[in-house]
Amino acid sequence: MWPASQDLAALAKKSNGLFIFAATVISFIMDGKGSPQEKLQQVLNSHLGLDPLYAQVLFKANHDDAFTKVLSAIIYLKRELSITDLAKLLDLTSEVVVARLMEIQCIIRIPPDNQESVQLNHASFRDFLLDKTRSKEYYQPLGEARMMVWSLA
């Protein structure tokens, strides 16, 4: 039976009682990109907490200019925008915005239609990206990202 009971016990220990950790792990493992068994082992072999999980998801994402724009807008804008509004703001097509969001679909909520707001699953993702000691190469520098978003607004 998959997953094995010892893997479930290890996941429960790693979650440290945080529902968001368990929910994010399930989304990551079941997102349809890659082997669920391999992804489970990656999670089990990582350190405790959400930060390694966030880094793992970002590592697998396509870090082109469109991805950086979309991620920066989600992190730095004071209000949540729809896919349509993000596309207009960032001068991208809705299809490109959705494609980049799909790269990190286990840590954000992609709305069922383009008129609803894109949301972070948990505020700790924003905190992670804004703290260089935690996010390392995925750090979103406030000055650069904010200037990029403001120049488009």
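The values are calculated or read from the model by the stated rules, or taken from the named source; none is laboratory data. Small disclaimer: the values here were computed from a predicted structure and weren't measured. Note: ideal-geometry Cβ built from the backbone for every residue, glycine included; neighbour counts use all protein chains shown.
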Q: Within the range 2-20, track down each residue that is under 23 Å from the mean Cα position of the chain (by Cα) and in a loop (DSSP other than H, G, I, E, B).
A: N16, G17, L18
(Q) Can you pull out every residue in the range 99-113 that is surrounded by fewer than 19 Cβ atoms within 10 Å (Cβ to Cβ) and free of Cβ contacts under 8 Å to residues at least 40 places away in the same chain? (A) A99, M102, R109, I110, P111, P112, D113
**Q.** Within the range 56-110, helices (runs of 4 or more DSSP H) holding 2 or more residues that are under 25 Å from P36 (Cα atoms) and modelled with pLDDT of 95 or more
**A.** 94-102
**Q.** Positions within the range 2-12 being exposed (fewer than 13 other Cβ atoms within 10 Å of the Cβ) and in contact (Cβ under 8 Å) with a residue 24 or more places away in the chain, in sequence order
**A.** W2
Q: May I ask you to say which residue of S72, S46, S94, S82 is over 26 Å from L11 (Cβ atoms), polar (S, T, N, Q) and surrounded by fewer than 17 Cβ atoms within 10 Å (Cβ to Cβ)?
A: S94
Q. What number of residues in the range 21-54 are over 20 Å from S135 (Cβ atoms), of a type in the set (D, E) and part of a helix (DSSP H, G or I)?
A. 1
Q: Output the residue which, of all residues in the range 16-43 that are within 30 Å of A99 (Cβ to Cβ) and small (G, A, S), is surrounded by the most Cβ atoms within 10 Å (Cβ to Cβ).
A: S27
